[in-house]
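Read-outs throughout are calculated quantities, based only on the coordinates presented, and are distinct from any laboratory measurement. This one's a predicted model, so the numbers in the text were calculated from it and none came from an experiment. Glycine gets a Cβ as well: all are built from the backbone with ideal geometry, and neighbour counts include every protein chain shown.
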Amino acid sequence: MQQAGHIFVTTAPRLGPILATELEELGYKPLSISSKGVALRGSFSDCLKLNLHLRTAYRVLWQFAEIEAKNAQELYDQACGLPWEEHLPASGYLRIDSFVSNPTIRDNRFANLRLKDAVVDRLRAVCGQRPDTGPGRHGACLFLHWAEKKAILYFDTTGESLSRRGYRLTSTPAPMQEALAAAVLRSTAWQPQQPLLNPMCGSGTIAIEAALMATRTAPGLLRDNFAFMHLHAFDRMYWNRLKMAAKAKVIRPRLTIEASDIDPQAVQAAKSNARTAGVSSLIRFKTMDFRQTKPPPPPGCIILNPEYGERLGDKEALKPVYRAIGDFFKQRCQGYTGYVFTGNRELAGHIGLRTKRKLEFYNGKIDCRLLEYELYAGRKEPEEN
Ligand SMILES: C[S@@+](CC[C@H](N)C(=O)[O-])C[C@H]1O[C@@H](n2cnc3c(N)ncnc32)[C@H](O)[C@@H]1O
């Protein structure tokens, strides 16, 4: 399937430019960046490569058709006329997702249902058999993007989000999504030959993603199911060759990555997740208060993702924690670049140091910032006013 078509790679809001850079590094030319993702041109084979390598994406959508439909009946009629049998096995399993902004549709589920009816009716008529359908992401997936009259039909070649690498089998409260952690790391000044300290590591996502990046481990190597495997175009030999080429690029450099947390259960979870990701030997884990961290000689980076108090009353209790982060940065991390990822700007003010950069992210629906602090050696940081 070498024919070039339209590909849309989805990601979290605000990650589009980071994803676009990642795509460029993989040799692709982003055509446009929106709040939902990045558009580019490529073939089905490219979709496989993107699923294997991308760290900051959610899904790789491969455009199948663009149709005009004023309402659900027209969607059904048009979709019935498409050669689904060329791509979808009639005996497989199918899930449908959508974004719909059409005045005749009040509930996306109705659009999904009509599209499902069209695909199933078509396959039954042509192949004498129909696929099972449902909410599972273990088989083929379609995505409908329907805005006003224009409906774009995609094969979602990913299925379960790429952000779910498959290593986080043990979770802790408020874990950071893998794609977000990768985007945060890409936004820092960290170089793999420098120490990376991650106190308050929770389930270990930041440290694990750092180790995967530093070893050049393609994240898709950790998964064994993608939606593209359930399309006729899938060539397992080609996929195996892609994986072998990716494995050949993995390196084992000397790394100094330290992950710690005050909660022993979090450290256990982080260790076990790192083991599943194959990087546990590259990360030093400790159970301790972040103030006990002893940074190795600089330069290096230290990244903290403290709680940010979504419940009433939490905020008061967290003020001293943020103040202590500022003191710890100032007194113990000279020569380092410090980062705090937080969803509460008022609490961030209690860090009391001048930020060098403030980068905007979303964690789910929460407006977040990655605050960067240059922790100069040998002089006192000016207080933020
Ligand atoms: C928002 S979670 C971090 C989530 C993490 N980024 C992940 O991906 O799972 C905050 C973590 O900070 C830890 N923590 C809170 N106070 C701490 C302290 N004083 N020293 C070290 N860790 C602390 C909590 O136990 C919790 O695991």
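Summary table
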| read-out | value |
| --- | --- |
| Low-density loop cleavage sites - trypsin sites (Lys or Arg not before Pro) in the range 103-212, where at most 10 other Cβ are within 10 Å (DSSP) | ARG106 |
| Total charge dipole magnitude, the chain, about the Cα centre, Cβ charges on Lys, Arg, Asp, Glu only, Debye to nearest 20 | 1000 |
| Convex hull of the chain built on C-alpha atoms - directionally averaged projected area, nm² | 20.4 |
| Alpha carbon centroid spacing (whole Å) that separates the range 178-249 from the range 289-338 | 27 |
| Choice from ASP132, ASP261, ASP97 showing the highest fluctuation, given a GNM over the chain with Cα pairs closer than 10 Å | ASP132 |
| Using distinct alpha-carbon pairs, which all enter the 1/r mean, Kirkwood radius of the range 178-279 in Å | 15.1 |
| Histogram of C-alpha separations across the range 5-156, 5 Å bin width, % | 2, 10, 19, 20, 18, 16, 10, 5, 1, 0 |
